[in-house]
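Written out below as structure tokens is the structure these notes cover.
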């Protein structure tokens, strides 16, 4: 086979494959059942995604604070302090010791640039449209961070808050979407058996479902019964028991030593907080049951 014939055959096969891809690809992209979230490079729900999800908290906080408060007024900066009495002249050794190192100066420069990137320079307050845009940016970043790591406690609860608070979120979907988010989070977190922290996120999601059930009692015809509330409470207990079990395994294997004291204290505070909510939720269910028995 000559070289020209080989090139022509190869080109023909490539052209045929492209034509088949064009013809068959359109029905596939139009099929709603095949519409799945994109996951470029498999980064979503991977260890790399977990790291990026943690790093997303800073930008989310910046946009959220600006969207709620509109940023600081540049005209309200503090006045310059009065001049201090002149200090005695330093010796050469003292002056050299007082000069900051190159790393310290570079760190100060980076910090100043970071502050300047989010500082407001407009003397007028942010408009309602700008605040809504900034909250939309924070919400979009929270959704992105959640896809990266659905087990992240802070990002999940913040996204749930956006969905259920009409004054905060820009796409208020209330109960249906928030409940599905919580259910998906619980299913994902309970599949993680190597780290106790996802179990706390699942427990937090269970408390959120309970609160949605409690709010439903204010409707004229409530959809949720106390039996369903009991089932959700049992799920919450299961999540807390799972956290305790894996945390005990971590204690025996010295896994906790790999975390910073701040992270360990954070887990302990969250477990204590969820336990308090769990006890309050049980009392609420008992009150609903007592009220139903009187009717």
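If R₀ is 35 angstrom, what is the calculated FRET efficiency for the pair residue 133 and residue 237, using the beta carbon separation as r and rounding to 0.05?
Calculated value: 0.25.
Taking 45 Å as R0, compute the FRET efficiency from the Cβ-Cβ separation of residue 249 and residue 121 and round it to 0.05.
Details: r = 53 Å, r/R0 = 1.17.
Plugging the Cβ-Cβ distance into 1/(1 + (r/R0)^6) gives 0.30.
Roughly how many whole Å is it from the C-alpha centroid of segment 144-167 to that of segment 216-295?
What the calculation gives is 18 Å, centre to centre.
Read the figures in this text as sums done on the coordinates, not as results from a lab. Note that this is a predicted model, so its numbers are computed, not measured. When we count neighbours, we look across all protein chains shown, and the Cβ atoms used for this are built from the backbone with ideal geometry, even at glycine.
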